[in-house]
1. Go through region 98-112 and report how many residues are surrounded by 16 or more Cβ atoms within 10 Å (Cβ to Cβ) and free of Cβ contacts under 8 Å to residues at least 24 places away in the same chain.
2. Can you give me the ranges of the strands (runs of 3 or more DSSP E) entirely in region 32-149 with at least 2 residues that are at pLDDT 95 or above?
3. Between residues in region 77-96 that are closer than 16 Å to residue 114 by Cβ and in contact (Cβ under 8 Å) with a residue 24 or more places away in the chain and residues that are charged (D, E, K, R) and not in a strand (DSSP E or B), which pairs lie under 9 Å by C-beta distance while being six or more apart or on different chains?
Amino acid sequence: MAGGSKKLDRNSNRHGVISTRNRGLGPYARAKYSSSLNDGGTRFSKKGVIFVWNIFHRKSLPLQLVTSGRFEIEQSGRVAYLEYSLAGNILELIHTEVPEELRHLGLATALAENALRYAREHNLKVDIVCPNVRRFVADHPEYSDLEMH
């Protein structure tokens with residue numbers, strides 16, 4: 001066993017964890033050899049031992065209701081819509097979709113304007129992700145006070 005103990009010493013690292021890479025053991029066998037840091041701060045993965053030091057503490061956030069939906073305009077059996085997400089007092093305007101046959105009729109503009117009016121009526125701030133809505137606000141500065149900065 002003297003040869004075996006030399007191999008263990010050579011494969012030990014400064015954290016007291018024995019490497020199993022050259023020992024023919026699978027990655028999950030490392031748990032057996034983790035001696036000094038198996039206090040909840042050690043995680044095991046397929047690639048080896050991952051040390052997670054408890055130096056970062058996240059504050060738990062209060063639960064809040066998130067609603068997802070769409071502003072819609074139906075015309076000729078087809079629907080143009082603006083997707084949104086509402087969390088607290090923030091209305092996130094995500095994506096506008098207008099079917100090909102309904103384009104160039106001003107529906108995207110109408111959707112953006114109605115969404116921004118809704119935000120103003122309900123005292124919401126707006127997080128604009130959609131480039132169509134962003135372009136609308138650039139062309140209509142009376143809505144710029146709603147935008148988050």
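The values are calculated or read from the model by the stated rules, or taken from the named source; none is laboratory data. On a predicted model such as this, the values are computed, not experimentally measured, just so you know. Heads up, the Cβs are rebuilt from the backbone with ideal geometry, glycines too, and the neighbour counts pull from every protein chain shown.
1. Residues meeting the conditions: 1.
2. The strands (runs of 3 or more DSSP E) meeting that bar are 66-75, 78-87, 90-97, 125-128.
3. Pairs found: 80/103; 93/134.
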